[in-house]
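> The structure's right below; bear with me while I get my questions together.
Values quoted throughout were computed directly from the atomic coordinates according to the rules given, and no laboratory measurement underlies them. Just so we're clear, the structure is a prediction, and the values are computed from it rather than from any experiment. Here Cβ is always computed from backbone atoms with ideal geometry, including for glycine, and neighbour counts include all displayed protein chains.
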Amino acid sequence: MKQKYAIGVDIGGSHITCAAVNLGTGEIIRNSLTERRVNNQAQAFEIISIWSESVSEVIKRIGFDDLLGIGFAMPGPFDYVNGVSYIKGVSKYENLYGFNIGDAIISSIEAPDHFGVRFINDATAFAVGEAWAGKAKKYRKSMSITLGTGLGSAFINDRIPVVDGPDVPQNGCVYHLPYGESIADNYFSTRWFINSYREMTGKELQGVKELASLAGHDRIVSGLFEKFGNDLASFLAPWLKKFGAEVLVAGGNISNAFNIFGPVLEKRLKAEGWNGDVAVSELKEDAALLGSAFLFDEEFWKAVQHALPLM
């Protein structure tokens with residue numbers, strides 16, 4: 001039987017990564033992998049042009065005949081049903097507001113009639129990729145989080161995102177939930193580390209990687225990571241228990257410092273009464289490529305369509 005492929009696309013804050021994925025095996029075709037920097041404050045036509053060129057590079061290496069379509073892992077707010085961006089109020093991709101990304105891409109690459117473009121939330125794509133081929137593969141119920149510029153999350157049951165119902169928060173994510181003096185996104189993110197360190201020392205650091213390098217000999221830094229692990233565990237535990245998650249998978253840049261805050265996180269999760277497994281993503285950015293390409297697995301597509309309007 002002829003193999004079928006789809007292109008998975010991960011739209012980051014300042015880059016695009018895309019590659020063809022074998023839908024039968026879950027293999028990323030490495031010689032098709034394309035990455036480009038993107039000026040996220042450029043005009044819409046410039047951003048779409050770079051995205052289209054990147055996708056076209058993958059198509060050149062695979063050919064339209066074996067491709068079913070393109071799946072985009074997109075940050076929100078976004079209309080994942082119709083492919084329209086509603087990002088505003090942040091310093092990225094604001095010029096795409098109200099723009100139909102799907103129509104623009106199809107037009108730019110001169111795709112055949114059968115060719116489709118589908119969209120999914122980027123954190124959800126990461127979680128789906130982990131459930132399909134990563135650390136959550138052997139579990140039925142999982143929660144995956146991405147720790148970076150913000151707190152991304154998704155609840156997965158048998159590879160399908162759960163976005164409504166009594167066992168998950170509204171929209172199936174946790175970044176918007178009340179925490180501390182504001183919302184969780186402001187506490188479980190890079191800016192919390194940077195702001196907290198600046199408030200305590202008067203010093204400005206560039207990111208969590210730089211902070212992590214100081215943890216071994218700086219008590220303030222090690223204390224911040226300990227607090228982060230404890231607070232994240234106490235925040236997540238009620239939802240992990242309510243959903244019945246069997247595993248928590250962590251990704252994103254902050255997860256690279258898991259050796260520092262991870263033991264505290266795991267100990268506190270157990271103290272909070274959740275006894276599932278905790279894992280750090282090995283797929284990393286590949287998980288979103290897999291999860292977005294998986295939109296062209298027809299069984300998955302039929303099951304996930306109801307969830308897209310709520311993402």
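> Using DSSP H assignments, which helices in the chain have an axial alpha-carbon span of 15 Å or above and a mean Kyte-Doolittle hydropathy of -1.0 or higher?
44-62, 122-133, 190-201, 219-243, 258-271
> Based on the Cα atoms of the stretch 135-282, what semi-axes does the equivalent ellipsoid have, where each is the square root of 5 times one gyration tensor eigenvalue, given in whole Å with the largest first?
Equivalent ellipsoid of the stretch 135-282: 27, 16, 13 Å, largest first.
> Let me ask you something else. What residue among 291, 116, 89 shows peak mean-square fluctuation when the chain is described by a Gaussian network model with Cα springs under 10 Å?
The residue with the greatest mean-square fluctuation here is 89.
> Give me Rg/Rg_expected for the stretch 198-248, where Rg uses Cα atoms only and Rg_expected = 2.2 N^0.38 Å with N residues.
Against the empirical 2.2 N^0.38 Å value, I get 1.49 for the stretch 198-248.
> Right, something else. Provide 311, 200 in ascending order of the number of other Cβ atoms located within 10 Å of each residue's Cβ, fewest first.
200, 311
> Whole-Å semi-axes of the chain's equivalent ellipsoid, largest first, each the root of 5 times a Cα gyration tensor eigenvalue?
Rounded to whole Å, the semi-axes are 33, 22, 18.
> Starting from the exponent 0.38 and prefactor 2.2 Å, build the expected Rg for the stretch 210-311 from its residue count and divide its actual Cα Rg by it. Mind dumping the intermediate values first?
Values: Rg = 16.8 Å, N = 102, 2.2 N^0.38 = 12.8 Å.
So the stretch 210-311 has a normalised radius of gyration of 1.31.
> Next question, about the same structure. Would you kindly derive the ³J(HN,Hα) couplings of the stretch 24-39 from the backbone phi angles with the Karplus curve 6.51 cos²θ - 1.76 cosθ + 1.60 (θ = phi - 60°), listing them in order in whole Hz, with x for Gly and Pro?
Per residue, the Karplus-derived 3J(HN,Hα) values read x, 10, x, 8, 7, 7, 4, 6, 9, 5, 10, 10, 9, 6, 9, 7 Hz.
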